[in-house]
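Remarks on the structure that follows.
The values are calculated or read from the model by the stated rules, or taken from the named source; none is laboratory data. It should be emphasised that the depicted structure is a prediction, and the values quoted were computed from it without experimental measurement. Virtual Cβ from ideal backbone geometry, glycine too; neighbours counted across all protein chains shown.
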Amino acid sequence: MSDVQASAIRGQLFYLIDDPFLNGYEDCVRYESDGLIVIEDGKITAVGETRNIASQLPEGAIITHYPNSIIMPGFIDAHIHYPQVEIIGSYGTQLLEWLNKYTFPTEAKFKDEQHAYTIAEFFIDELKRNGTTSASIFCTSARESVDAIFQSAQQDDMLILAGKMMMDSHAPTSVLDTAQSSYDDSKALIEKWHDRGRALYTVSPRFALTSSPQQLEMAQALMQEFDEVRLQTHISENKDEIARAMELYPDRKNYTDIYDSYGLLEERAIYGHAIHMSENELRRFHETDAKIAHCPTSNFFIGSGLFDMEAMKQENRPVTVGLGTDVGGGTSFSMLQTMNEMYKMAQMRGISVTATQGFYLATLGSATALGIEDRVGTFKVGHDADIVVLDPRATPLLNLRANVADTLEELLFVMMICADDRAIEATYIAGKEVYERSYVT
Ligand code: GUN
Ligand code: ZN
């Protein structure tokens, strides 16, 4: 007899298998009104219509049935800063002043190991409460901050990508490293954490404004030395930021060219924001298959600008986009609320993103942008069983609205606009329930 633990989750299944911005609905969406996901040893071993696959259930498997819920792959946050939770909702500034006034002082606190663990544990709990099962996470320049987040995520076997912030110039000394120490520390942390359990390391130069040319060379060296690690940074979020980047790197054609000249524009790299981009820059993103993390709640809150989703999804040169909260520039951990603001931002630019496209971005889209789509982001045999259970009637208003929703797309759209953490009924990571809503609606 096998000692592998088997279980199953039953209910309405909704998931994506391809990008609905670029392909037809039928080619992208999978829906089962009464579906079953069979899980063994943290992985999906069967998925489909209950009546077809119930026979594949291992003997003794426990089935958890959610007859009134919608079951999806766990949400994936493509860009978030865990050390910034204490400054979420800080008043009145735009990017560069916001960094100096709020961000750098709060990040300086993470040399204190105890503080780092306290915030890291709060942060992982908050992800689970919001149905987010993976995230690409910026730490601070302190090594302790990286240990704290990987250790906290490991308690739930959560697949996270995280890395030490590399920043050696133009910020207070309390948060600065040096080009050499950032290389040494990042390398030691890669060797300690990358591929340990489900942990993945992501090399994290903050942005061109706080990295010297020598430090960007170090980031390049790390990417060349370690085939499997990812890279995350920021680009073209704010007009003053862009002007300053061009002052610091006057020989470069544009902001993208700064990173490109250090070989950092490549398929393992994801760039936060990318709001004010030229056609040439987007073409380079397409050619190199570098990815973009769209962070709408942050872009509204810090007043950065309106992301151009349509420009990303041009059929002749698509750019891969994931969705991020960017807490604490972003104002919510909820990927549902992030989809809501993504929709509104696209409306301001004259396009109406569908619910299917929104849920794609929050699941398989972000997975693809982070290079983890072969493990999570959809329901497929062999993938990790990271799952969110959504209650479409979580509040009186959602309930009233659900009563008159005629189609699944309409119901999902209402959830994307009006739902939040209250709609997260349960969250599963590697097949284990790690969060269950404690109240009944
Ligand atoms: N650009 C460089 N660092 C940051 C950060 O911490 N947050 C945001 N929103 N943009 C940045
Ligand atoms: Zn960011």
Working only within the range 315-332, note down all residues that are closer than 19 Å to D77 by Cα, among the charged types (D, E, K, R) and more than 13 Å from ligand 2 (Cβ to nearest atom).
-> none
Please verify whether the range 184-194 includes one or more residues that are within 23 Å of the chain's Cα centre (by Cα), of a type outside the set (A, V, I, L, M) and within 16 Å of ligand 2 (Cβ to nearest atom).
-> no
Where residues in the range 43-56 are of a type outside the set (G, A, S), over 32 Å from the mean Cα position of the chain (by Cα) and surrounded by 12 or more Cβ atoms within 10 Å (Cβ to Cβ), which of them is modelled with the lowest pLDDT?
-> Q56
Leading residue by the ranking (farthest from ligand 2 (Cβ to nearest atom)) among those in the range 65-97 that are part of a helix (DSSP H, G or I) and under 22 Å from the mean Cα position of the chain (by Cα) = E86
Filtered residue count, the range 384-420, keeping only those that are in contact with a Phe, Trp or Tyr (Cβ under 7 Å, 6 or more places away or on another chain) and not in a strand (DSSP E or B) = 6
Matching option when the condition is within 16 Å of ligand 1 (Cβ to nearest atom), surrounded by fewer than 23 Cβ atoms within 10 Å (Cβ to Cβ), modelled with pLDDT of 95 or more and under 28 Å from F21 (Cβ atoms), among L306, L282, L265, L248 = L306
Please indicate, with yes or no, whether at least one residue in the range 294-314 is under 17 Å from D77 (Cα atoms) and away from ligand 2 (no atom under 16 Å from the Cβ).
-> no
Mind checking which helices (runs of 4 or more DSSP H) fall wholly inside the range 215-304 and carry at least 3 residues that are in contact (Cβ under 8 Å) with a residue 12 or more places away in the chain and among the aliphatic types (A, V, I, L, M)?
-> 239-248
Out of (1) at negative phi; (2) over 19 Å from the mean Cα position of the chain (by Cα); (3) crowded, with 21+ Cβ neighbours inside 10 Å, the one L390 does not meet is (2)
Within the group R268, R244, R283, which residue is closer than 22 Å to F301 by Cβ and away from ligand 2 (no atom under 16 Å from the Cβ)?
-> R244
Mind checking whether some residue in the range 164-182 is modelled with pLDDT of 95 or more, within 29 Å of A385 (Cβ to Cβ) and β-branched (V, I, T)?
-> no
Can you find even one residue in the range 338-351 that is within 13 Å of ligand 1 (Cβ to nearest atom) and not basic (K, R)?
-> no
Just need a number here: residues in the range 320-374 that are of a type in the set (S, T, N, Q) and not in a loop (DSSP other than H, G, I, E, B).
-> 9
When both residues are 6+ apart or on different chains and their Cβ atoms are under 7 Å apart, which pairs have a first residue that lies in the range 86-112 and is within 17 Å of V146 (Cβ to Cβ), and a second that is β-branched (V, I, T) and within 15 Å of ligand 2 (Cβ to nearest atom)?
-> T106/I87; E107/T140; E107/V175; A108/V175; F110/T140
Note: among T338, T288, just one is of a type in the set (S, T, Y) and within 16 Å of ligand 2 (Cβ to nearest atom), namely T338
Residues (aliphatic (A, V, I, L, M) and not in a loop (DSSP other than H, G, I, E, B)) located in the range 186-206 | A188, L189, I190, L200, V203
Residue list for the range 229-285, restricted to those being among the hydroxyl-bearing types (S, T, Y) and under 22 Å from G329 (Cβ atoms) | T233, S236, Y255, T256, Y259, Y271
